[in-house]
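Enquirer: Here it is, the structure, as C-alpha cells.
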DNA sequence: GGGCCCTCGTCCTTA
DNA sequence: ACGAGGGCCC
C-alpha cells in the first residue's frame, strides 16, 4: 500500500517520490537511497493511476535495470514484470528501432558491433581509402568517431567542423565507415542512440506516438548521460513536465566516453520550472568514511554544493598503507582480508578496487596463495574471449552473411586453405561490384583463383548454408556447429595456455544460449546476438557468490560493500597519467576516487606502492595527491613490516 | 597457404 | 610481459 511504502522514506525522499507535474531533478549523494527513491516513485505513479506501460525508466547497466525491475515488482503487488519499459539507453533505443524497423530501410536483423568490430571495420575503411594505416590508427579514429556520435555529429557536420587536415580525413573515414555499417546491416553503440534520434526527427508521427506513450520518463545516473542521450530525452519530453532525472555530479566518471556533466549541471536551465530535491542523508557509510570522502571531493570546483551527512556511527578511521612494492601491497591487502575472514567476515562483503585492470594480477596471486576465493568483474569480458568470439562470429555469419568482419574472422578458422591471397583477389573483384563478400564467395566464376581453392570456398559456403537451415533449438544448433567444426580439437591442436579453460568457455556459451532460449518468448539467433552485444561486465557479476570481488573503480559505481580496498593510490595511476594535464580531468579522477571511497560501509583501506612493475620494468611511484586530501587527522596509517 | 620467430606497441576507464 | 602482426621459410 502506498501509505505504508511512503512511511519508509525520509522527508526529502518522500517529496522526491510524490512530487508531481514538474520536471524533477534529484541530486542524490552517494548512499542516499537513490534507487529506493526511483523504485518508490515508479510504484507511487502506478498506484496513483498511471498505467505501467506509460512509464519509461532508463538506467546505466542491465544489472541496475534488473534490480530496479524486481524492486518495483515487489512494491506493487500484481504489476506485470514486463509491463513497463525499463532498461539501458542502448537497450531501449534498440527496442524502439526494432519496433519501427520498417522505416529504417535496409535494417532487418540488427547486428551490434562492439569496440573490436568497430576497429576492424575502420581499419578496412582506412585501407579501402588508400590511407596510411600508421598515420590514421584505427583505434584513435574509432575514438574520434565514437565521440562524434556521442555529440550527435554526423560525417557531414564533422567535415564542416574540421579545422585541420587530419580531421578532414577522419571525416572521410567516418563517412565511409557509416556506409559500410549500413551495407552490413550493423549498428555500433553510438548508432543505437543517434538512429533513434534521427528516426524521431524524420518521422514526427512516430515521435508523437512515443511522446504519448511515455507519460513519465525517469533517468538514473543522469550525470553520466552524453549529448545524444540528452537530445533523445529532450525529444521525448520537450514541452512536457514528465521527466525525472536522478544523479550526482560528484559521481560523474564517464567524461572520456562522451558523458557530459553539463547535462546535470544545466538541467535547471534546460527545463522550465524545475523542482530540485537534494538527498543528503547517507545511509551507507560510517561517519569516518564519509568525512574523508567529503574531504577529497571538496577540492573539486565543478560541482553542485551539497552536504552529505549520516546518522551512522563514527566507525573506524580509514586506513592508508604505503608499501615498498606492488607485491608487498598485494600481500598486505590479502593479509588484511584473511584477518577479516578469520574474525567471521564473509567473502562477499569484501571488494578490492583499482584504477586499471592490470593491477588485479598481483592481488589475484596473493589471494590464490592464501586460497581465498575471488571473482573479477571485467578485464577480458567473457564475450570478448578469443574462443567465445570465434564461435559468436560463426553465429553472426549464420545469422547475417553480410557481416564481413565476422566472416573474415572465421573464413579460415580452423585453417581450411582459404588464405589472405585468395581473399584479397575476391575483395578486389568486389570493389567494382555491388555485392557482399559472402555473395561473391558463392559465385567465383570470374575470379582468378585455383580450382582447389574454389572447392574449399564452396565447401565453406555450404557449411554456413547448412547451419542456416538447421531447425531445432538454438542450443542444439550451436552444439552441432561446434561438433562439425571439430572446434575443441582445434583448440587442443593450437596447444595454447589454458586450453581446458577455453573449452569450458565454449561450453559456457552453449549454456548461455540454452538459458536465453528458456527465458525468451520468441527466441531467435539474431535476438540472442543482440543481447550478448549489450551485456556489460557488471551484468554478469553475481553478488551472492562466496568470493572476494575485484573490479575497477568505474565498475564499482552504484555498488556497496562493508569492506573496501582501493589499491594503487599513486600519481599516474590514480590520478591516471594522461589525465594529469588538465584540471577538469583531475577532477574526474578525483570523483573516481570519491566513488570508490563511498562504496565502503564499514571499513576502508587505501594503499600504494613505492615501486611497481609496469610493462615488465620496475618504476618508482609517488603517493597520490588524493591521500593527502583525505586529511591526515582522518586517516590511520599502517606501517608494514616484512 | 601454413607455421614459426621476431618486433613492436601497449597497460585507462566501457555500453 | 605479452599478445598481435609482419617477415621468412617450408
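The values are calculated or read from the model by the stated rules, or taken from the named source; none is laboratory data. Just so it is clear, the structure is predicted and the values come from calculations on it, not from any experiment. We place every Cβ from the backbone using ideal geometry, glycine too, and count neighbours over all the protein chains shown.
Enquirer: The conditions are (1) modelled with pLDDT under 95; (2) surrounded by 14 or more Cβ atoms within 10 Å (Cβ to Cβ), and residue A:565 fails exactly one of them. Which is it?
Expert: So residue A:565 meets the others, but not (1).
Enquirer: Can I ask one more? If I filter region A:183-195 for residues that are without any contact (Cβ under 8 Å) to a residue 40 or more places away in the chain and in contact with a helix residue (DSSP H, G or I) (Cβ under 9 Å, 6 or more places away or on another chain), do I get at least one hit? Give the derivation first.
Expert: From region A:183-195, those without any contact (Cβ under 8 Å) to a residue 40 or more places away in the chain are none; that's our starting set.
Scanning region A:183-195 turns up no residue that is without any contact (Cβ under 8 Å) to a residue 40 or more places away in the chain and in contact with a helix residue (DSSP H, G or I) (Cβ under 9 Å, 6 or more places away or on another chain).
One line per residue, one yes/no per condition, for (1) under 20 Å from residue A:335 (Cβ atoms); (2) more than 16 Å from DNA strand C (Cβ to nearest atom):
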{"position": "A:596", "(1), (2)": "no, yes"}
{"position": "A:611", "(1), (2)": "yes, no"}
{"position": "A:614", "(1), (2)": "no, no"}
{"position": "A:618", "(1), (2)": "no, no"}
{"position": "A:637", "(1), (2)": "yes, yes"}
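Enquirer: Have a look at A:381, A:396 and point out the one that is farther than 18 Å from residue A:328 by Cα and modelled with pLDDT of 90 or more. Before the answer, list the steps.
Expert: Values: A:381 fails: modelled with pLDDT of 90 or more.
Just one listed residue meets the conditions, A:396.
Enquirer: So, in region A:289-313, of the ones that are crowded, with 21+ Cβ neighbours inside 10 Å and out of contact with any helix residue (DSSP H, G or I) (no Cβ under 7 Å at 6 or more places or on another chain), which residue ends up farthest from residue A:10 (Cα to Cα)?
Expert: A:294
Enquirer: Also: Considering only region A:365-397, how many residues are more than 17 Å from residue A:502 (Cα to Cα) and more than 23 Å from the chain's Cα centre (by Cα)?
Expert: Residues in region A:365-397 being more than 17 Å from residue A:502 (Cα to Cα) and more than 23 Å from the chain's Cα centre (by Cα): 10 in total.
Enquirer: Looking only at region A:589-642, how many residues end up being in a loop (DSSP other than H, G, I, E, B), out of contact with any helix residue (DSSP H, G or I) (no Cβ under 7 Å at 6 or more places or on another chain) and either touching a residue at least 24 places away in the same chain (Cβ under 8 Å) or more than 16 Å from DNA strand B (Cβ to nearest atom) (or both)?
Expert: Filtering region A:589-642 down to residues in a loop (DSSP other than H, G, I, E, B) leaves A:598-599, A:615-616, A:621-622, A:624, A:630-631, A:635, A:639-642.
Applying the additional criterion that residues be out of contact with any helix residue (DSSP H, G or I) (no Cβ under 7 Å at 6 or more places or on another chain) yields A:615-616, A:621-622, A:624, A:639, A:641-642.
Filter once more, so that each one left must be either touching a residue at least 24 places away in the same chain (Cβ under 8 Å) or more than 16 Å from DNA strand B (Cβ to nearest atom) (or both): A:621-622, A:624, A:639, A:641-642.
Within region A:589-642, residues that are in a loop (DSSP other than H, G, I, E, B), out of contact with any helix residue (DSSP H, G or I) (no Cβ under 7 Å at 6 or more places or on another chain) and either touching a residue at least 24 places away in the same chain (Cβ under 8 Å) or more than 16 Å from DNA strand B (Cβ to nearest atom) (or both) number 6.
Enquirer: Let me ask something else about it. Would you say residue A:133 is under 19 Å from residue A:408 (Cβ atoms), touching a helix residue (DSSP H, G or I) at 6+ places or on another chain (Cβ under 9 Å) and surrounded by fewer than 20 Cβ atoms within 10 Å (Cβ to Cβ)? If you could, list the steps in order and put the result at the bottom.
Expert: On the way: under 19 Å from residue A:408 (Cβ atoms): yes; touching a helix residue (DSSP H, G or I) at 6+ places or on another chain (Cβ under 9 Å): yes; surrounded by fewer than 20 Cβ atoms within 10 Å (Cβ to Cβ): yes.
Yes.
Enquirer: Enumerate the pairs (first residue in region A:140-163 and under 19 Å from residue A:230 (Cα atoms) and touching a residue at least 24 places away in the same chain (Cβ under 8 Å); second residue anywhere and within 16 Å of DNA strand C (Cβ to nearest atom) and assigned to a helix (DSSP H, G or I)) with beta-carbon separation below 9 Å, excluding pairs fewer than 6 apart on the same chain, so at least 6 apart or on different chains.
Expert: A:145/A:118; A:145/A:122; A:146/A:115; A:146/A:118
Enquirer: So which residues in region A:10-50 are assigned to a loop (DSSP other than H, G, I, E, B) and under 17 Å from residue A:73 (Cβ atoms), if there are any at all? Explain how you work it out, then say what you get.
Expert: Our first condition is that a residue be assigned to a loop (DSSP other than H, G, I, E, B); within region A:10-50, this holds for A:10, A:19-23, A:29-33, A:48-50.
Once the filter is applied, which keeps residues that are assigned to a loop (DSSP other than H, G, I, E, B) and under 17 Å from residue A:73 (Cβ atoms), region A:10-50 yields only A:50.
Enquirer: Scan region A:97-112 residue by residue and report those that are surrounded by fewer than 22 Cβ atoms within 10 Å (Cβ to Cβ) and under 23 Å from the mean Cα position of the chain (by Cα).
Expert: Pass one, region A:97-112, residues surrounded by fewer than 22 Cβ atoms within 10 Å (Cβ to Cβ): A:97-109, A:112.
Hits for region A:97-112 are A:97, A:98, A:109, A:112.
Enquirer: Let me ask something else. For region A:200-215, how many residues are surrounded by fewer than 20 Cβ atoms within 10 Å (Cβ to Cβ) and touching a residue at least 40 places away in the same chain (Cβ under 8 Å)?
Expert: At the first step, the residues of region A:200-215 found to be surrounded by fewer than 20 Cβ atoms within 10 Å (Cβ to Cβ) are A:201-213, A:215.
Still in the running and touching a residue at least 40 places away in the same chain (Cβ under 8 Å): A:202-203, A:206, A:210, A:213, A:215.
Number of matching residues: 6.
Enquirer: Still on this structure: Starting from residues that are within 16 Å of DNA strand C (Cβ to nearest atom) and not in a helix (DSSP H, G or I), keep the ones in region A:379-413 and report whichever is surrounded by the fewest Cβ atoms within 10 Å (Cβ to Cβ).
Expert: Only one residue fits best here, namely A:380.
Enquirer: Could I ask something else about it? For region A:81-103, name all the residues that are closer than 21 Å to residue A:150 by Cβ and more than 11 Å from DNA strand B (Cβ to nearest atom).
Expert: Step one: filter region A:81-103 for residues closer than 21 Å to residue A:150 by Cβ, giving A:87-97.
Passing the criteria: A:95, A:96, A:97.
Enquirer: Within region A:542-561, does at least one residue satisfy the condition of being more than 21 Å from the chain's Cα centre (by Cα) and more than 27 Å from residue A:373 (Cα to Cα)?
Expert: No, region A:542-561 contains no residue that is more than 21 Å from the chain's Cα centre (by Cα) and more than 27 Å from residue A:373 (Cα to Cα).
Yes or no, residue by residue, for (1) closer than 26 Å to residue A:186 by Cβ; (2) touching a strand residue (DSSP E or B) at 6+ places or on another chain (Cβ under 8 Å); (3) within 16 Å of DNA strand C (Cβ to nearest atom); (4) at pLDDT below 90:
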site: A:424; (1), (2), (3), (4): yes, no, yes, yes
site: A:441; (1), (2), (3), (4): yes, no, no, yes
site: A:444; (1), (2), (3), (4): yes, no, no, yes
site: A:452; (1), (2), (3), (4): no, no, no, yes
site: A:468; (1), (2), (3), (4): yes, no, no, no
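Enquirer: Please verify whether region A:361-378 includes one or more residues that are assigned to a helix (DSSP H, G or I) and within 10 Å of DNA strand B (Cβ to nearest atom).
Expert: Taking region A:361-378 as the starting set, the residues that turn out to be assigned to a helix (DSSP H, G or I) are A:361-369.
Then keep just the ones that are within 10 Å of DNA strand B (Cβ to nearest atom); that gives A:361.
Looking through region A:361-378, at least one residue is assigned to a helix (DSSP H, G or I) and within 10 Å of DNA strand B (Cβ to nearest atom).
Enquirer: Right, here's the next one. Kindly provide the set of residues from region A:77-95 that are buried (at least 21 other Cβ atoms within 10 Å of the Cβ) and over 20 Å from the mean Cα position of the chain (by Cα), ordered by number.
Expert: Matches in region A:77-95: A:84 only.
Enquirer: In region A:51-129, which strands (runs of 3 or more DSSP E) lie fully inside it and hold 1 or more residues that are more than 22 Å from residue A:242 (Cβ to Cβ) and touching a residue at least 40 places away in the same chain (Cβ under 8 Å)? Spell out the reasoning first.
Expert: Numbers: elements: A:55-59, A:85-88, A:111-113.
The qualifying strands (runs of 3 or more DSSP E) are A:111-113.
Enquirer: Another one. Got a sec? Which of A:269, A:278 is closer than 30 Å to residue A:242 by Cα, surrounded by fewer than 21 Cβ atoms within 10 Å (Cβ to Cβ) and in contact (Cβ under 8 Å) with a residue 60 or more places away in the chain?
Expert: Numbers: A:269 fails: in contact (Cβ under 8 Å) with a residue 60 or more places away in the chain.
Going through A:269, A:278 in turn, the sole match is A:278.
Enquirer: Identify, by number, the condition in (1) away from DNA strand C (no atom under 16 Å from the Cβ); (2) in contact with a helix residue (DSSP H, G or I) (Cβ under 7 Å, 6 or more places away or on another chain) that residue A:491 doesn't meet.
Expert: For residue A:491, the failing item is (1).
Enquirer: Which of the residues that make up region A:248-269 are closer than 24 Å to residue A:13 by Cβ, assigned to a helix (DSSP H, G or I) and more than 14 Å from DNA strand B (Cβ to nearest atom)?
Expert: Selection gives A:249, A:250, A:263, A:264, A:265, A:267, A:268.
Enquirer: Out of the residues in region A:525-557 that are part of a loop (DSSP other than H, G, I, E, B) and closer than 28 Å to residue A:397 by Cα, state the one that is farthest from DNA strand B (Cβ to nearest atom). I'd like the intermediate steps shown before the answer.
Expert: Looking only at region A:525-557, we keep the residues that are part of a loop (DSSP other than H, G, I, E, B), and these are A:534-537, A:541-547, A:557.
Subsequent filtering for residues that are closer than 28 Å to residue A:397 by Cα retains A:534-537.
Numbers: A:534: 6, A:535: 8, A:536: 3, A:537: 5 Å.
Per the stated criteria, the residue is A:535.
Enquirer: Just checking, does region A:416-431 include any residue being under 28 Å from residue A:540 (Cβ atoms) and within 14 Å of DNA strand B (Cβ to nearest atom)? I'd like the intermediate steps shown before the answer.
Expert: Keep residues of region A:416-431 that are under 28 Å from residue A:540 (Cβ atoms), which gives none.
For region A:416-431, residues under 28 Å from residue A:540 (Cβ atoms) and within 14 Å of DNA strand B (Cβ to nearest atom): absent.
Enquirer: Can you tell me which residues in region A:336-360 are closer than 29 Å to residue A:619 by Cα, assigned to a helix (DSSP H, G or I) and in contact with a helix residue (DSSP H, G or I) (Cβ under 8 Å, 6 or more places away or on another chain)?
Expert: The answer is A:337, A:359.
Enquirer: If residue A:318 meets every condition in (1) away from DNA strand B (no atom under 16 Å from the Cβ); (2) at pLDDT 95 or above apart from one, which number is that one?
Expert: (2)
Enquirer: In region A:432-461, how many residues are within 13 Å of DNA strand B (Cβ to nearest atom) and either in a loop (DSSP other than H, G, I, E, B) or in contact (Cβ under 8 Å) with a residue 60 or more places away in the chain (or both)?
Expert: 5
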